[in-house]
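The values are calculated or read from the model by the stated rules, or taken from the named source; none is laboratory data. Computed from a predicted structure; not experimentally measured. Glycine gets a Cβ as well: all are built from the backbone with ideal geometry, and neighbour counts include every protein chain shown.
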Amino acid sequence: MAFESKIRTIQWIDNVSRMVDQTKVPYEYVTVDIKTGQEMFDAIQTMIVRGAPAIGIAGAHGVVLYAQELKKEGLSRDEFVKELIKKSEYLKTSRPTAVNLMWAVQKQIDVITSSDSDIDGIISELTQNAIRMEEEDISINKRIGDNGAEVVPKGATILTHCNAGALATVGYGTALGVVRSAFAKDNTVQVFSDETRPRQQGSRITTFELKMDGIPVTMITDGMCSYFMKKGMIDMVVVGADRIAANGDTANKIGTYTVAIAAKYHNIPFYIAAPLSTIDTSIKTGDEIPIEERSHEEVTHINGKRVCAEGINVINPGFDVTPHELITGIITEVGILKPDYNKSIAEAFNRK
Ligand code: MRU
């Protein structure tokens, strides 16, 4: 049963990509129009748009924006195609961990290479493909939500980390899609949201979007999760994913691994919710997942104000990898995958 969310994170409209500026949430809830390919590269890198599925769609839009710009250069069709593929490959490098970005841009490259049309025709095919991917993202999330809701106990308190919500996708969300579908069936379900330092996607974005949709949420800091697990106040954990290896090892926001270890210790089910497009079957284990290293200032400063001594060492990996043996199940649009993940993931792709 689907819940109607008010949030639309990103949309192709009037030849631009209109997106919620997530660097401003929760202080402001405003959209920004991205009009060039380079603006899209920067929007992804600076996290105006963020969350694996959302940056996938942003990448698809970015290819259309590059195509629109290249058309104005008066190139031959062959030159246009060559340049557009080069720009698309560059767009894939805007962030390294979430595979949805590479997946979506590659889908656009496939449109370019398989097209027989002239330049205008290619642009039109790329636009249609991007719009189709947007709509698919919402329907896939609803299926993930409904599949996940089946394993949410009545009146459950669900812990989540980071934001795998409507604002991390086109709409509805993956982990928060499960919450939305569960809440539609049982309005006694509630969420505990980790703050998620250093970018605070939990406190800034997850709490904002759940409040907006009227779903009860309690914010905690990252270090508190095991405390509440021990007290018996958490019934299950559901988080999103940026990349899942063929064996089920899962990269998600830094701190997810700690939550998974705590959940295992306390015998609490720990679920990943993600579309099949987040699964990268070209890599065998999580050791091969590239982990983004972000600016040290994200750690040393909060809201532009330094919060630690000058001259200290800082390391700021954006993601960690949760080993497959800590994962109870991977909730996808084709069902909940269970261990042995090598087997269930391969079967899921066959079923698709
Ligand atoms: O750095 P971010 O905010 O892009 O990281 C987002 C996450 O880690 C999400 O949990 C993940 O992308 C899944 S979003 C449905």
Positions within region 332-352 being surrounded by fewer than 17 Cβ atoms within 10 Å (Cβ to Cβ) and of a type in the set (D, E, K, R), in sequence order: Lys338, Asp340, Lys343, Glu347, Arg351, Lys352
Tally, over region 84-117, of residues that are in a loop (DSSP other than H, G, I, E, B) and either within 12 Å of Ala60 (Cα to Cα) or over 17 Å from the mean Cα position of the chain (by Cα) (or both): 4
Residue ID - farthest from the ligand (Cβ to nearest atom), chosen from residues in region 301-325 that are surrounded by fewer than 20 Cβ atoms within 10 Å (Cβ to Cβ) and among the aliphatic types (A, V, I, L, M): Ala309
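Rundown of residues vs (1) among the polar types (S, T, N, Q); (2) within 25 Å of Glu333 (Cβ to Cβ); (3) surrounded by fewer than 24 Cβ atoms within 10 Å (Cβ to Cβ); (4) without any contact (Cβ under 8 Å) to a residue 40 or more places away in the chain, yes/no style:
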{"residue": "Leu159", "(1), (2), (3), (4)": "no, yes, no, no"}
{"residue": "Ala164", "(1), (2), (3), (4)": "no, yes, no, no"}
{"residue": "Thr174", "(1), (2), (3), (4)": "yes, yes, no, no"}
{"residue": "Val178", "(1), (2), (3), (4)": "no, yes, no, no"}
{"residue": "Ala182", "(1), (2), (3), (4)": "no, yes, no, yes"}
{"residue": "Lys185", "(1), (2), (3), (4)": "no, yes, yes, no"}
{"residue": "Thr188", "(1), (2), (3), (4)": "yes, no, yes, yes"}
{"residue": "Glu195", "(1), (2), (3), (4)": "no, no, yes, yes"}
{"residue": "Glu209", "(1), (2), (3), (4)": "no, yes, no, no"}
Test for Gly255: is it under 17 Å from the mean Cα position of the chain (by Cα), of a type in the set (Gly, Ala, Ser) and farther than 18 Å from Thr332 by Cβ: yes
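Within region 126-231, considering only helices (runs of 4 or more DSSP H) that don't extend past its boundaries, which have at least 2 residues that are within 14 Å of the ligand (Cβ to nearest atom)?
Working: elements: 175-185, 207-212, 225-230.
Once the helices (runs of 4 or more DSSP H) in region 126-231 are filtered for at least 2 residues that are within 14 Å of the ligand (Cβ to nearest atom), what remains is 175-185, 207-212.
Take Val179 and tell me if it is modelled with pLDDT of 95 or more and more than 19 Å from the chain's Cα centre (by Cα). Before the answer, list the steps.
Details: modelled with pLDDT of 95 or more: yes; more than 19 Å from the chain's Cα centre (by Cα): no.
So Val179 fails the test.
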Total residues in region 17-51, condition surrounded by fewer than 19 Cβ atoms within 10 Å (Cβ to Cβ) and more than 17 Å from Ala164 (Cα to Cα): 16
Residue satisfying all of: in region 7-46; closer than 16 Å to Val170 by Cα and of a type in the set (Gly, Ala, Ser); nearest to the chain's Cα centre (by Cα) among these: Ala43
Any hit, region 278-290, residues being surrounded by 15 or more Cβ atoms within 10 Å (Cβ to Cβ), within 14 Å of the ligand (Cβ to nearest atom) and among the charged types (D, E, K, R): yes
